[in-house]
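Structure first, then comments.
The values are calculated or read from the model by the stated rules, or taken from the named source; none is laboratory data. Since this is a predicted model, take the numbers as computed values, not measurements. Backbone-built Cβ (ideal geometry, glycine too); neighbour counts: all protein chains shown. Accessible surface is based on the protein model in full, side chains and every heavy atom, while ligands, DNA and RNA are left aside. Shrake-Rupley method; radii C 1.70, N 1.55, O 1.52, S 1.80 Å.
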Amino acid sequence: MEKILNYINGELLEPSNRSYFENYNPSNGSVYSWVPDSDESDIKLAVGAAKEAFKSWSKTPKQERSNLLLKLADAIEENSEELIRAESRDNGKTETQARNVDIPRASTNLRFFATAILHDHSELHEMDGDALNYTSRQAIGVAACISPWNLPLYLLTWKIAPALATGNTVVAKPSEITPMTAFLLSKICIEIGFPKGVLNIVHGYGSKVGDPLTTHPDTPIISFTGGTQTGKHIAALTAPMFKKTSLELGGKNPNIVFADADFNQAIDMAAKAAFSNQGQICLCGSRLFIQKEIYHSFKDAFVQKVSALKVGDPKANENDLGAMVSETHMKKVLGKIEEAKKLGGKILIGGERAILGGELRNGYYIRPTVIEGLSNDCTINQEEIFGPVVCLIPFETEEEVIEMANATKYGLSASIFTENIGRGHRVAANIDAGIVWINTWITRDLRIPFGGMKQSGLGREGGFKSLQFFTEPKNVCVKI
Ligand code: NAD
C-alpha cells in the first residue's frame, strides 16, 4: 500500500516518528494508503525550512514568482486525470465533480493569483504639498495554511496561491481525511523543480500537527478553513500571539424561494445547492424557505427532482452523488436524520444509508434527504449537518423570512429566488451573510471578497483581499 509522505524543504520525508495511520477509500470502505502521523518535530523542520526559504523567495522578482506558479498550474493540468481519480478515491466525491470543479479550480487558483500580483497597485496620499505618504505592502513570513476535506486540492491551492504569490513561504496542513492530492502536488513540485522550502506540506491530525503549526512563533499568518469549533480553538490559541488570522468556517445557509420566482430555475438551483458534493460544501443551502402560496407545488416538484438523483459509484458518469467522506461523518449525518425524526420531522424522501452492491457494499452512501415539519429554531435547522439533508420551511412575508434566515449563529451565504428585482435587492440588503446570490447559487468570481459574518468566520479571502491578507502594509511619509 502506498505511503503518503511529508514534503519538507523540497524532499519527500517520512514523519520523524515513523508512525502512520490508515487512509480509507469511502466508496468501498477499504484502507488503501497510509498517512503520516506527524508531530511537532516535523512541524519544526518544515517551519525552519520555510523560514530559511523566505529570505530568497520574498526577494524573488514578482514576475519570476508568477512564472513559477504558472508552471505549477500547467503541471496540475498535465496531471489532471490522475488528480481527478485521486480526489474522487480519497474523498468519495464523483469523478464528475472532481473533473468539473475541484481540479480545474486548483490550477485556476494558481493562475489567478500568479497574475493578480502583476496587476496590483500601491497607494499614495498627498498632504497639500507638505508631505507624501506612500504605502507599500510586504510579504510577512511563513504562512500556515490549514484546509478541510470537502474540497481538498481546491481549498489548499486557494490558500497557498496568494500566500506564495505575495512572497511568503508556506507550511500547509491538508486534512488528515483527504491527504492524497496534496501529496501528489508535492510530487509535481519536485518534478517541475519548484524551489526548495518555499512550499512545505505536513500531514497528520489537527491536534498533533495543527496545534504546533498555529502556535509556532515563526508562523505569523494563519489561513484556516474548517469547522467553527476548530476555528474557535485556533482563535483562542493564536490571539494572544497577535497572529494575522483568517478563519473561513461553517454555515447554515438559507435558500429563499418567493412565489414569484422562476419556478423551474429555483427547483434546479435548490437541488444543486442542497446536494452538490453530497451536501458537503460550506455554501450548501440546507434551509429551504418556500413562500406559502407555492409551498405544496414546489415541494412536490422538488421531491420529484430529488427522486431522479442517482447515488452510486463515484467513478460512474451517470451518478449525481458519490460517497460521504468517512464512516464517522456518514454516521454523524444519519444520526442527525434520526434526531430530525424524533423532533417530528417528516422525511419526504431519502433519510437512510444507501447500500450498494458488489465491491461498493461497504461504502459510505446516503440518499439525498428532504425533511419538512421542523421549526427554524430546532437544532436540525440551527447546527451545520454538512450532508445531503435539506429542510423545507414555509414562510408568508419578506419580513418573516428575513428574520428566520438571520436567526442562526452563522452568516456565510444565502440565495434568494424572485423575479421582483426590488425585492431581491431589499432582501439581500437585510440578510446577515458575507455572500448573497440572487437567482443563482455558487456562481463564483474569484475577485470578490469571500467569507462569512458571525460564527461563519473572520476576515475575507479572494482577489485583492487575499493579497492584502498575506501582506503587511507599510506607510512611508516623506516631507517635501
Ligand atoms: P475541521 O475543522 O475538522 O478540520 C479542518 C482542518 O483543520 C483539518 O486540516 C484539520 O486537521 C485541522 N485541524 C483540526 N484541529 C486543529 C487544530 N487544533 N489546530 C489546527 N488545525 C486543526 O473541518 P473539516 O471537518 O475538515 O471540514 C468541514 C468544515 O469546514 C465544515 O464546517 C465546513 O462548513 C467548513 N468549510 C468552510 C469553508 C468556508 O470557506 N467557509 C469551506 C469549506 C469547508
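Listed values, structure above:
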item	result
Antiparallel %, DSSP beta bridges [both residues in region 254-446], to 5	20
Share antiparallel - DSSP beta bridges, the chain, percent rounded to 5	45
Under 21 Å from the Cα of residue 346 - lysines, other chains or at least 8 residues apart	252, 292, 299, 305, 331, 332, 336
Structure-based [θ]222 nm, the chain - -39500 (n - 2.57) summed over DSSP H runs of at least 4, per residue, nearest 500	-11500 deg cm²/dmol
Region 254-446 - percent of accessible surface contributed by carbon and sulfur, probe 1.4 Å	48
Projected area, mean over directions - region 213-263, Cα convex hull, nm²	5.0
Proximal lysines relative to residue 243, as straight alpha-carbon distance under 23 Å, when same-chain residues fewer than 8 apart are discounted	44, 51, 55, 59, 159, 173, 208, 232, 454, 465, 474
Cα pair count fraction exceeding 43 Å, expressed as % - the chain	17
Accessible area per residue in Å² at 1.4 Å probe, computed on the chain	40
Pairwise Cα inverse-distance average, inverted: Kirkwood Rh of region 86-158 (Å)	15.5
Aspartates and glutamates with Cα under 13 Å of residue 62, excluding same-chain neighbours fewer than 8 positions away	120
Segments 121-134, 91-104 sorted - mean Cβ within 10 Å per residue, highest first	91-104, 121-134
